[in-house]
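Here is the structure we will look at.
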Amino acid sequence: MARTGRTGEPDGVEPTVLFVAPSPSLAEAASAALERQGVAVSVEYDLGVTIERLREQDADCLVAPTPIAGLTATELVEIVRERNIAVPLVLLVSEADEDRVAELEEADGADYVLADVDSVSYGRLADRIRAAVAKYHSSRAQQSERDIVSRLEHRIQRTERKITSLHGVAMELSSASTVDDIYEQTVDAAEQILDLDICFAFEAEADRFVPRAKSSTPTDRALEPVPLDAGVMGETYRTGDSHRAVDMDLHALAEPEFGEYRSGLSVAIGSFGVFQAVSKQTGAFDEIDLELTELLVAHTTAALQRLEYQQQLRVERDQFAALFDNSTDCIVEATFDDGEPIVQAVNPAFEETFGYDESEVVGVPIDDIVAPDERHEEAVQLTRQVRAGDYVQTEVRRQTNDGEKDFLLRSVPLSDDAMYAVYTDITERRDLQRGVEAQNERLEEFVSVISHDLRNPLNVAQGRLDLAREETDNEHLQAVSRSLDRMADLTDELLEFAREGAAALDPEPTNLETVAHRSWEHVDTAEATLDVDADLTIDADEGRLQQLFENLFRNSVEHAADDVTITVGTLDTGTGFFVEDDGPGIPAEIRTEVFDAGFSTAEMGSGFGLTIVASVAEAHEWNVEICEGDAGGARFEFTLYRGEDVNGVAE
């Protein structure tokens with residue numbers, strides 16, 4: 001029968017025994033009998049060889065008649081067990097040694113059959129062998145389970161101790177003051193706590209990884225910078241995914257940079273770099289090693305983020321401190337106490353503008369210091385808005401040691417109990433604004449006087465003149481008529497200047513030639529001639545441009561001969577246009593004065609025509625310059641500020 005069984009094999013497989021025979025005849029008889037009972041037998045005659053085979057786990061059971069080789073059954077058991085052989089022993093004990101049975105019953109893993117070797121029942125012996133082997137297999141399985149559980153418990157305990165130690169490392173990292181300290185502590189913890197004998201931390205720069213720390217175990221080659229896209233390190237950093245290489249020969253991206261390593265771990269340190277551990281053994285790291293490494297590196301990332309945030313915070317604080325100290329605006333830092341903003345600090349601009357030293361106002365409600373009595377309730381309402389989380393921006397009037405001033409107040413809530421108030425002095429601007437408003441009121445009164453109080457008497461005088469000329473007509477009445485017409489023109493020009501001088505523009509593409517011809521039709525041009533050589537389009541308010549042309553045409557007719565020729569054309573530079581006549585021109589010494597309101601060299605001139613021209617040009621942001629024309633007359637050149645070319649298309 002074939003020998004198929006071996007120690008530790010499952011139930012249902014026939015056992016294999018080593019039979020120590022005292023003679024070949026007994027060996028043959030026993031082997032044949034046991035094999036008929038389903039037991040595979042291997043015979044040995046030398047007890048020493050038998051013990052060596054048992055050490056090699058070459059059988060499931062030892063069967064031996066006793067005494068043998070001069071050894072009693074008990075002595076044979078002792079010799080086998082002293083050699084750490086655990087397989088069961090089934091001994092044939094002669095009836096003459098029956099008194100030793102009690103000793104065998106106390107022996108470890110020994111069974112016996114009380115029978116002489118020549119008269120033993122091999123069926124009974126086979127049953128004893130199977131029972132002993134089954135018991136042995138069961139015991140081994142239970143021991144194996146206990147060993148596995150023990151190893152797992154030990155691993156869990158070691159892992160728990162490592163996790164506890166890593167929490168301590170996290171506390172140390174949280175107090176590290178430099179990036180170098182963080183990397184060094186990370187590698188030390190990996191080496192001392194996680195048993196990662198060869199490990200290193202790399203920091204990412206613009207196009208490469210730079211080594212920042214390494215374990216005490218030397219690498220095969222020196223650590224050097226690595227390209228940012230290199231192997232597992234580059235992939236780990238790019239994706240943020242960890243890698244565990246069981247066998248680097250089988251890993252698609254594994255290309256050891258610093259020695260002939262067989263396995264490794266690679267974990268991203270956030271956006272800062274990569275941590276790696278390597279070993280020269282295949283399969284040196286399991287999933288628990290990777291998870292513990294990820295936990296350590298998570299603490300490292302948090303510590304680096306903390307340092308980065310602290311550095312950014314220091315920069316922002318320094319910038320704010322510089323702004324606070326050097327700002328020309330008045331800044332107040334305040335905290336709320338029972339709803340009132342209590343001053344904590346003020347900047348030098350506040351001290352200078354309001355006239356208080358910081359020591360005088362710290363600890364005092366800001367509204368008690370700067371809000372006039374009649375405006376205190378207004379200040380309280382603004383404070384309530386800030387406490388509600390609203391950003392407040394409004395113009396206020398506040399008390400300083402030099403009297404009340406106007407400020408633009410911007411109040412910013414910092415938290416539920418703190419705020420900043422920024423006061424920008426706008427007193428000069430508000431005074432100017434009030435002055436403009438007063439001037440506008442006077443201008444309105446002036447316009448009203450012209451429109452009603454002056455025009456009405458003119459209308460009455462014109463009516464009386466018309467009646468008088470129906471009765472008689474002479475040169476005196478004609479002179480009166482001319483004077484009244486001139487007074488009406490002056491009135492119209494004054495109204496035009498007062499109402500339209502700074503009116504808002506509505507620019508649109510406007511053809512210069514078209515507007516020039518239309519303007520010519522609205523002016524009393526006598527025998528004058530208009531020559532337009534400017535078929536171009538510009539961005540302009542058509543109505544205001546017509547005003548400009550009308551006043552220039554009227555100015556030429558008034559200051560030159562009746563048959564004056566007026567030309568409108570494009571500047572040679574292509575950046576604007578000109579209007580010129582062939583009259584006497586404008587002397588160079590008064591060219592800077594002719595745009596002043598009321599200035600005129602004509603006996604009957606109002607002095608507002610060219611002022612209106614300058615106002616229209618300024619409103620369009622054009623530059624106007626007076627020079628001498630080709631024929632010696634006055635030439636007005638308008639350069640367009642908005643970058644139009646000769647076709648009026650904005651550049």
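Things worth noting here:
- Put simply, of V149, V120, V90 the only residue that is open to solvent by less than 40 Å² (accessible area, probe 1.4 Å) and either part of a helix (DSSP H, G or I) or modelled with pLDDT under 80 (or both) is V120.
- Residues being closer than 22 Å to N326 by Cβ and open to solvent by less than 70 Å² (accessible area, probe 1.4 Å) - total across the range 344-397: 16
- Among all residues of the range 263-278, there is none that is in contact with a Pro (Cβ under 8 Å, 6 or more places away or on another chain), closer than 30 Å to Y309 by Cβ and assigned to a loop (DSSP other than H, G, I, E, B).
- Hits in the range 212-236 - residues which are open to solvent by 30 Å² or more (accessible area, probe 1.4 Å), in contact with a helix residue (DSSP H, G or I) (Cβ under 8 Å, 6 or more places away or on another chain) and of a type outside the set (G, A, S): R212, K214, T217, P227, L228, D229
- Qualifying residue in the range 234-243 (condition: modelled with pLDDT under 90 and in contact with a strand residue (DSSP E or B) (Cβ under 8 Å, 6 or more places away or on another chain)): no
- Cβ-Cβ contacts under 7 Å between residues 6 or more apart (or on different chains), taken from a first residue in the range 417-440 that is touching a residue at least 12 places away in the same chain (Cβ under 8 Å) to a second residue that is in a helix (DSSP H, G or I), are listed as M419/V386; A421/I366; D425/T353.
- Of all residues in the range 184-194, those that are open to solvent by less than 60 Å² (accessible area, probe 1.4 Å) and either over 14 Å from H299 (Cα atoms) or out of contact with any Phe, Trp or Tyr (no Cβ under 9 Å at 6 or more places or on another chain) (or both) total 5.
- Residues within the range 411-460 that are modelled with pLDDT under 75 and either hydroxyl-bearing (S, T, Y) or within 30 Å of L323 (Cβ to Cβ) (or both), tallied: 2
- Test: residue in the range 278-300 that is small (G, A, S) and touching a residue at least 40 places away in the same chain (Cβ under 8 Å): yes
- Counting residues in the range 510-522 that are under 30 Å from F577 (Cβ atoms), surrounded by 11 or more Cβ atoms within 10 Å (Cβ to Cβ), modelled with pLDDT under 70 and touching a strand residue (DSSP E or B) at 6+ places or on another chain (Cβ under 9 Å) gives zero.
- Contact annotation: residue pairs with Cβ atoms under 7 Å, 6 or more positions apart or on different chains, pairing a residue in the range 577-598 that is within 21 Å of T639 (Cβ to Cβ) with a partner that is open to solvent by 70 Å² or more (accessible area, probe 1.4 Å), are G585/E628.
- If you go through the range 199-220 and keep only what is part of a strand (DSSP E or B) and over 16 Å from E294 (Cα atoms), you end up with E203, A204, R208, F209, V210, P211, R212, A213, K214.
- The set of residues in the range 195-211 being among the aliphatic types (A, V, I, L, M), open to solvent by less than 10 Å² (accessible area, probe 1.4 Å) and within 19 Å of L304 (Cβ to Cβ) consists of A201 alone.
- T394, sole failed condition from (1) in contact (Cβ under 8 Å) with a residue 24 or more places away in the chain; (2) in a strand (DSSP E or B): (1)
- When residues of the range 399-427 are limited to those that are among the acidic types (D, E) and over 42 Å from the mean Cα position of the chain (by Cα), the one least open to solvent (accessible area, probe 1.4 Å): E404
- Residue among A345, A349 that is within 20 Å of D425 (Cα to Cα), under 38 Å from the mean Cα position of the chain (by Cα) and in a strand (DSSP E or B): A345
- Residue list for the range 280-305, filter: surrounded by fewer than 17 Cβ atoms within 10 Å (Cβ to Cβ), touching a Ser or Thr at 6+ places or on another chain (Cβ under 7 Å) and within 20 Å of A268 (Cβ to Cβ): I288, E294
- Scanning the range 43-64 for residues that are open to solvent by 10 Å² or more (accessible area, probe 1.4 Å) and among the small types (G, A, S) gives a single hit, G48.
- Taken together, G643, G633, G629, G609 contain a single residue that is modelled with pLDDT under 55 and open to solvent by less than 30 Å² (accessible area, probe 1.4 Å), which is G643.
- The single condition among (1) in a helix (DSSP H, G or I); (2) within 19 Å of D425 (Cα to Cα) that E360 does not satisfy is (2).
The values are calculated or read from the model by the stated rules, or taken from the named source; none is laboratory data. None of these values were measured; they are calculated from a predicted model. When we count neighbours, we look across all protein chains shown, and the Cβ atoms used for this are built from the backbone with ideal geometry, even at glycine. For accessibility, only protein heavy atoms count, side chains too; no ligands or nucleic acids. Shrake-Rupley method; radii C 1.70, N 1.55, O 1.52, S 1.80 Å.
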